[in-house]
Amino acid sequence: MATITYTVTVASGTNQYGTGNKFYINGSVSPDLNLIEGNTYIFDQSDSTNGTHFLAFSTSANNSPAAPYTTGVTVTGTPGTDGKTTIVVATYAPTLYYYCTAHAGMGATAFTPAAGSISNQSTFESTFTIDEVIEDAYERCGVQGITGYQLKTARRSLNILFQEQLFMEKIIQIGLVTVDMLLVILTQHLP
């Protein structure tokens, strides 16, 4: 499995919790992350802006020391000088949240998909029509001979989904969405 290092800094910014000091991961303000099962992730907090901001993981959102997640997590050094938080993502790890142990609202979500569920090589092909994706999703669910009404209803459901800001943010943040992943999402919302 892979080892990935993220550079962590702290600066003023705005995320889902409001405006104030935020963790910046590789220069992006509090992005949602995909921590793939089996991979090792090193959060390098050696930058001086991390001074009093210890990065930790939780199973609850927004500064939740009441639900710490420590499986596979190792903390070394001191943030602001030589600090690092390392996590080896366990198989079947829950969705996690990274946060500052001293200040609320600095982090975001760390999804923990299974190895192989996100591919660095396969991207969503925007050349597919919505109808093609819907038909493929129906076929993969075992529904044969879909009607025009089913297609119209599914298309309407998709249009509603695409209008939901959260859905679009996740698609954009993931950046590398396989057709299979999109179909799983779609089949959960088809009539």
Amide H of Ser28: which non-local residues (sequence gap of 5 or more, or other chain) have their own amide H closer than 5 Å, using H built in the peptide plane? none
What share of Cα pairs, in percent, lie more than 20 angstrom apart in the stretch 1-103? 32 percent
Taking 0.36 nm per residue of separation and subtracting the Cα-Cα distance, what length does fully extending Thr49 through Thr81 add? 10.6 nm
In nanometres, what is the gap between the two model label sites at Thr71 and Ser28, each 7 Å from Cα along Cα-to-Cβ? 2.5 nm
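Rule-based calculations on the coordinates, nothing more; no lab input. Predicted model only: the values in this text are computed from it and were never measured. Cβ sites come from the backbone with ideal geometry, for glycine too, and all protein chains shown count toward neighbours.
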